[in-house]
Amino acid sequence: MAVAFPFSAIVGQEEMKLAMLVSTVDPGVGGVLVFGDRGTGKSTAVRALAAILPKMTAVVGCPYACAPDDTRSRCEFCGQLKKSQARLKTHLIPVPVIDLPLGVTEDRVVGALDLERALSAGVKAFEPGLLARANRGFLYIDEVNLLEDHIVDLLIDVAASGENVVEREGLSVQHPARFVLVGSGNPEEGELRPQLLDRFGLSVDVKTPQDLGSRIEVVKRRDAFERDPQAFIERWKKEDNKIRRRITVARERLESIPVPDAVLERAAELCMKLGTDGLRGELTLMRAARAYAAIQGAKEVMSTHLKTVATMALRHRLRRNPLDDTGSGVRVERALSELFPV
Amino acid sequence: MRQDQIDDALNDALLAAALFARNPSRFGGIRIVSSAGPVRDCYLDFLKRCLGPGVVPRKLPLNIADDRLFGGLDLSATLQAGRPIFNRGLLAEVNGGLLIVPMAERLSRGLAARIAAVMDRRRVYVQRDGFATESTAEFGLVLLDERVTDDEQVPAELVDRITFQVDLEGFSYRSLEDAIDLFAAALPNDASPVRVDPPESDDGMIHALCSAAMALGVDSLRALSAAKRVSEQSALWFSRLTITPEDAAIAARLVLAPRATRRPVEPEETSSEPQPPADYAPSDNDRTQSEQDSVNDQSDSALDEPTSLENLNDLDEVVLGAAKAAIPAGLLSQLLSGPTMRRRGSGSGRSGVQQKSGLRGRPLGVRSGLPSGRARLSVIDTLRAAAPWQKLRAGSTAYPLGRLTIMAEDFRIQRFKARSETTTIFAVDASGSSALHRLAEAKGAVELLLADCYVRRDQVAVIAFRGKRAEVILPPTRSLVRAKRSLSGLPGGGGTPLAMAIDASLQLAHSIARRGETPLIVMLTDGKANVGRDGEPGRAHAQVDALRAAQQVAICGFAAMVIDTSPQPSEAAQKIATEMHARYLPLPYAGAAEVSRFVKAMA
């Protein structure tokens, strides 16, 4: 697929779109897990997101697309450059959205010895894998619950540490791999490992729209896009640009938005009520609420922001209770309505 | 079926092939439900004839490995060339052609998901064996569905992505041949595939298809787009300049009817409801409205006029009527029997090919490392790792020329999960005697056990028995969602065919054991059998049969437990447990938590 469907032209699925925007504005929120019906545009949305992301500044030639002012972790490449140059050359590049296809092998995920170079020039060089390419961007796994266990193990570790450590074929390489994990799948294919589930900051359920109006609209837009993708993209360009600007503005404002103590208390109360494990849920909830407030252009985080993102931030962190037939999303909402009576 | 109905169905099946052949990759694919035989061969020949001579179909073996599917390192070429050589996979090779999947109902979920991903992107995206490449892969999928029972289903993600579904069961070879002759005679003269853009659907047509889909319970949005494409292709096929109601009706028959999940509401009711055309436009958001304006002023103004509104309703009815008439007979009877019955097979389950391994447990992939007691050498992967190096190594003096040089770092080991998985089979007594007492409690206990299974990542299967049958209502799965659903829809009442239930559990246990997993049978019953193996009622011989079946379990040595669901511990259940060499647990004393603790201890 050469061109992506415009993000703003996706009919409905507001929760999914919001979750993606939130994790774009603050990658610290963690990834997004999209579970739901077939044919609801899960993959379409991810590819569309790639097209509207504002470009990022990266060091020219760096295989990990490091930011020039990144002091947290410096890759070897940039370290070498820094010694010889006072100022690093930079350029604007699109934010990487990397596919992790099913059937991927370990060497391509973590990176391996560059065989061509080893054979032709006798150089022991590291050929970065998908984790390297996803640095500072998004790593997208479609059908995440069908991913092989040993690949999942690799991801779990790297997603937590933000660093990929390669010890193989006589190589010893360490490079930054901070990415936002985006997974999609169908719950009928089986459950996710709890550890992997935990790496996703937000989780949304998507359903096929049931009202005739939106269903017709989906078909019409899909058709218009297939007939003339360029014209269709052109028609939605303004809307897409609007979203892109909102992301840029929200990112700039993010750090300056305060979280009042009252809201913090509310968040803690909510997590306690739901019995979510550990602090991660609370932290994610706060960050997501702040990112959402930034998107909304609010001066500070309010409880309405908290309410909007609570379901997606906590849904997958509840303890399973098989005797309770209601979905975990409903349970979050029930707790919310108790905490925030209208 | 009457003769004219058969003729219509045959003609539709042929039309489906003809339309599909016009642009296989755009339509995604076709599912052909039929046992192997001359009828299917004849139909496939017809399909190939429609495609023309240029297209060579490729077959997809069910056991295909990822390196052949996507592409990967070519071992022999790499050894010869002394550098890594890439070998294109089947999905890249079939570009522009047809991919035929025999026994599609046995397709594994993993393979189906891989194919689906490639179909979505129309490209193969390879990240394997040190290669990172992409190539175009546009193909039409032909799913040959030979299912006999509901337990076997073509993976839903593929069915969702294809357009056509035809059922050849019930057609005779003669009638198919005759129909093909008739069809070919009626073909337009210029049957050569001219690729022109089909006419565009107007809003009314899309509306009719979408509302027909809703009435039939067709949930998938992909099916809607597929129906629209078919109506357009049909107009082109019949050399019509605009899409007529006839084309929409064809789309409804070919695409929507086979996907129906409910019987449409009778027309009286439909017309009494406020029909969507009047209210669907205002319910859309502003953006949609303005878009509609810009897209098609004509149709928009047409929508406002009351006269054309009626036309729209007429069209809706034509389309829905066509779809209704084309719903397969078997499907309708299934629909009548209620949603719980239908739901059973619709999900994933574990049908399909299991990867056979020499060791027990699931393979965990290949890693570099030295073979040891717990890890086995994977010869092919070791060779693959060593192959690209041969030229380099041959240059050094330490190794003689003309031999494969394999060094310690090349060794690849296949890892397996050490502990084999447990699959817990719940045989739930849903008979009248049990239902009266505590079917609900039994369900509760099972659900609690399910939670444990979830924590341990075990699989569960559920067998329900009542009346004269015991059936697997949930094949082994790890999905808690499905297990819960299958339990909540479980009706109660009828006799207690205990012997049948034990037999069914035993059979399932055997098949689980054959896969290298460990079965655990949990019977929830009051032990009061009153239906024998032969389905005949009668307490005495039913008890004898049940005890005999129980002995079989003991002989086979499967772990089992009997949870007595009668109000007081019953002798009957105790006896069954003894014969089965099973642990006996009366529910009145053991609470749900207790039961769960015991199962945990046994698994």
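Each value in this text was obtained by applying a stated rule to the coordinates, not by laboratory testing. Please read all numbers here as calculations on a predicted model, not as lab measurements. Cβ sites come from the backbone with ideal geometry, for glycine too, and all protein chains shown count toward neighbours.
Sequence neighbours fewer than 8 away in the same chain don't count; with that in mind, list the lysines whose C-alpha is under 23 Å from B:Lys228. Partners within reach: A:Lys42, A:Lys207, A:Lys220, B:Lys324. Which part of the stretch B:150-179 falls in the paramagnetic zone of B:Gln3, meaning amide N under 14 Å from the point 7 Å along Cα-to-beta-carbon? Of the residues in the stretch B:150-179, B:175, B:179 have backbone N under 14 Å from the label point off B:Gln3.
Computed from phi, the 3J(HN,Hα) profile of the stretch B:168-180 under the Karplus parametrisation 6.51, -1.76, 1.60 (θ = phi - 60°) reads 8, 4, x, 8, 8, 4, 4, 5, 5, 4, 4, 4, 5 Hz, with x in place of Gly and Pro. Counting, for every residue in B:123-135, the Cβ atoms of other protein chains within 10 Å of its Cβ and taking the mean gives 5. The angle between the Cα long axis of helix A:303-314 and the longest principal axis of the Cα atoms of chain A comes to about 60 degrees, rounded to the nearest 10. With an a/c value of 1.5 or above and a/b not larger than b/c for the gyration tensor axes a ≥ b ≥ c computed over the alpha-carbon atoms, the stretch B:452-529 is described as oblate. Between the Cα long axis of helix A:280-296 and the first principal axis of chain A there is an angle of about 80°, rounded to the nearest 10. Compactness of the stretch A:261-339 is given as radius of gyration and Dmax, 12.3, 42 Å, from Cα positions. Around the amide H of A:Val206, modelled in the peptide plane, lie the amide H atoms of A:Phe35, A:Gly36, A:Asp37, all under 5 Å away and 5 or more residues distant in sequence or on another chain. Annotation: amide H of B:Ile521 within the under-5 Å range of B:Ile425, B:Ala559, B:Ala560, B:Met561, sequence separation 5 or more or interchain, hydrogens built in the peptide plane. Helix content alone sets the calculated 222 nm mean residue ellipticity of chain A: runs of n ≥ 4 DSSP H residues at -39500 (n - 2.57) each, divided across all residues, give -14500 deg cm²/dmol. Counting charges near A:Ser120 (Lys, Arg +1; Asp, Glu -1) among other residues having Cβ under 11 Å from its Cβ returns a value of +1.
Only lysines eight or more places from A:Lys273 in sequence, or on another chain, were considered; those with a Cα closer than 17 Å are A:Lys307. Take the alpha carbon gyration tensor of the stretch A:1-148, find the square roots of its eigenvalues, order them as a ≥ b ≥ c, and report rounded if a/c is under 1.5; if not, report prolate when a/b exceeds b/c, else oblate. Oblate.
Averaged over the residues of A:169-176, the number of partner chain Cβ atoms lying within 10 Å of the residue Cβ comes to 1. Quick check: net charge around B:Cys42, other residues with Cβ under 12 Å of its Cβ, Lys/Arg +1 and Asp/Glu -1? So the environment of B:Cys42 carries a net charge of -1.
Quick one: net charge of B:Val124's neighbours, Cβ under 15 Å, K/R +1, D/E -1? Surrounding charge for B:Val124 is 0. Hey, what angle do you get for helix A:149-161 against the long axis of chain A, alpha-carbon based, 0 to 90 degrees rounded to 10? Between helix and principal axis, roughly 90 degrees. Computed from the C-beta positions of B:Ser135 and B:Ala77, the FRET efficiency with R₀ = 22 Å rounds to 0.80. When the charge dipole of the stretch A:1-151 is built from unit charges on Cβ atoms (+1 for Lys and Arg, -1 for Asp and Glu) and taken about the Cα centre, the candidate among A:His150, A:Leu131, A:Cys66 whose Cα reaches farthest toward its positive end is A:Cys66.
What separates the Cα centres of the stretch B:228-243 and the stretch B:20-66 is a distance of 23 Å. Peptides B:139-148, B:87-96 ordered by packing proxy, namely the average of other Cβ atoms within 10 Å per residue, highest first: B:139-148, B:87-96. Only beta bridges with both residues in the stretch B:93-248 are counted; by DSSP, about 60 percent of them are antiparallel.
Residue by residue along B:202-213, Cβ atoms of other protein chains within 10 Å of the local Cβ number 3 on average.
Tell me which lysines have Cα within less than 28 Å of B:Lys391's Cα, excluding those fewer than 8 residues away on the same chain? Within reach: A:Lys124.
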